[in-house]
1. Under 5 Å between amide hydrogens, which residues at least 5 positions from LEU34 or on another chain qualify, with H placed 1.01 Å from N in the peptide plane?
2. In debye, nearest 20: dipole of the chain around its Cα centre with unit charges on the Cβ of K, R (+) and D, E (-)?
3. Quick one: compute a quarter of the convex hull surface over the Cα atoms of region 82-233 and quote it in nm².
4. Ignoring ligands, DNA and RNA, what accessible area per residue does the chain give at 1.4 Å, in Å²?
5. Points 7 angstrom from Cα along the Cβ direction at HIS238 and SER479: gap in nanometres?
6. Within 10 Å, count the other beta carbons around each residue, average over each peptide in 441-447, 301-307, and list them highest first.
7. Taking the dipole about the Cα centre of the chain, with the C-beta of Lys and Arg at +1 and of Asp and Glu at -1, give me whichever of ALA73, PRO345, HIS138 is farthest to the positive side.
8. Hull surface divided by four, with the convex hull built on the Cα atoms of the chain: how many nm²?
Amino acid sequence: MQGEPVSPKDWFLGIDLGTGSCKAVVLDEDGNVLGFGSVEYAGEDVERKWVEQDPEKLLGAAVEAGRRASEAAGVLPNRCAGMSLGGALHTLTALDSAGDPLMGVMTWADTRAADEALRVRKEGRAEDLYRETGCPPHAMYPFYKLLWLRAHRNEIFSRASRWVSAKEYVLWKMTGEFAVDPSVASGSGLLDVRRLRWSPLCLEMAGVKEEQLSQLRNPTERLERLKRDVAEAMRLHHQVPVFVGSSDAVNSSLGAGAVGKGQATCMVGTSGALRTVSREPLFDPKVRTWCYAIGPEYWLIGGAINNGGVALSWVRGLFNTAMSLSRKRETIEMEDLLRLAEQAPPGAGGVVCLPFLTGERSPNWNSHASGAFLGLRLEHGPQHLIRAVLEAVGYRLRSIMEALQEMDISIREASASGGFTRSSFWLQIVSDVLGINLNVPNFGETSSVGAAFWAMLGTGRVKSIEEFSSLVNIGQRFSPTEKNRGLYERTYAIYKELYNALEPSFQELSRMREKT
């Protein structure tokens, strides 16, 4: 039953349109969390869930998550001072002239454009594109998805009147406006990241006209009011200010309070990332990291991994399939896996995992990479495999940190965000592997908090993004365990050797899978 409304103070709504679910949070004027709502994308096929999604289900989840958050907070609808929607990077769908979707939303996990990315690299054009867009050559970027659609789904490509991300589609359905922030635009691979304009070079290569893309708007710009039916469904007044906001990646960093020099955000959710906010665009000579614009004065520098929590979800799926085949009714939950992994020693008893179940992003940008377990012996059990996966995610983040360090970006500490913040065990492993302190905000859903922060900035409640750190309360702090440092140094070196040894086989194995 809904409680009585709180005292009539202004509040802010932030919505995070993620890959696996949509989450929303209500903040008061001091940045305190008043209510939270979350909605899974119902009816998605598990194997396709991460690859292509129904845009109408994304819209429905955003509306419902917003409603649940405001109801949980017990706030007055007419006191919402502003709202903002954040969206996952690298999504793409096509709309016809009536604005109806011609296809599902392609997510970052869709690797159908892997050969297009490889061809651009072989043609020697990858570095020039990287210098212009901040995006290394990889199938996740909509630029390469467009190349693939043009070649393999021309019936869709030729009918497309407009190309949008998931966030743009939901914002349009909510407000009637097509708008895109610099971060989501950067994540398309079509934006000139220095000049903050659509890249003529990329548009020409992709065969897309500028009028087929949304208008670029800064995060603090205000859109038209909410449509009345949307506002009513979300339990909001239709005149609530709607701000453009940013991507989930940017919002995660802002919501974790990691906006200062030497600070980074370490995120592990479905995927994962290590990123830092910069006052200038920075590029890696080896094209291992990305550089996305946040706005005219800030850029997000870092790298992302495909296989974060999704790798653990895959393990859980194997266990539950086995349970089902044995006709046992028990279901293995994530917490069960983590408890089991604690029974294995650091280093997983000599088992090393390459967790590339959905290919690889930073630092090698290899869509053909695949997973493996090495070092298995008869004495190893499920606990060793699970711990090896947890440690492997740490190794993936470590490889990004090394690339950033080679770019003279020093990271002294990181704020943790994403689902892994619910596990002290996993947090300690990542701190040990990275060799830095991890700070965990009291409220772990930092992407939705960051979305609400944009509304606070847009209304003038705060004056700059640097102020966000003062609104974030840190709950736990993890420091590297000295006795584990040497072990993880050696195991990480072995991990890199194994990757380099197996890399020539990844592409051939990928072709074999395509033929089956």
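1. For LEU34, the qualifying residues are VAL26, LEU27, ASP28.
2. Numbers: 58 positive and 62 negative charges, 92 e Å.
Rounded to the nearest 20 debye, it is 440 debye.
3. Values: hull surface 35.9 nm².
Hull-based average projected area comes out at 9.0 nm².
4. Values: 20660 Å² over 516 residues.
Ligands and nucleic acids excluded, the result is 40 Å² per residue.
5. That separation, rounded to one decimal, is 5.7 nm.
6. Details: 441-447: 22.9, 301-307: 25.9.
Descending mean neighbour count gives 301-307, 441-447.
7. PRO345
8. Working: hull surface 94.7 nm².
Answer in nm², one decimal: 23.7.
The values are calculated or read from the model by the stated rules, or taken from the named source; none is laboratory data. Just so it is clear, the model here is predicted, and its values are computed rather than measured. Cβ sites come from the backbone with ideal geometry, for glycine too, and all protein chains shown count toward neighbours. Just so you know, the surface numbers come from the protein's heavy atoms only, side chains and all, with ligands and any DNA or RNA stripped out. Shrake-Rupley method; radii C 1.70, N 1.55, O 1.52, S 1.80 Å.
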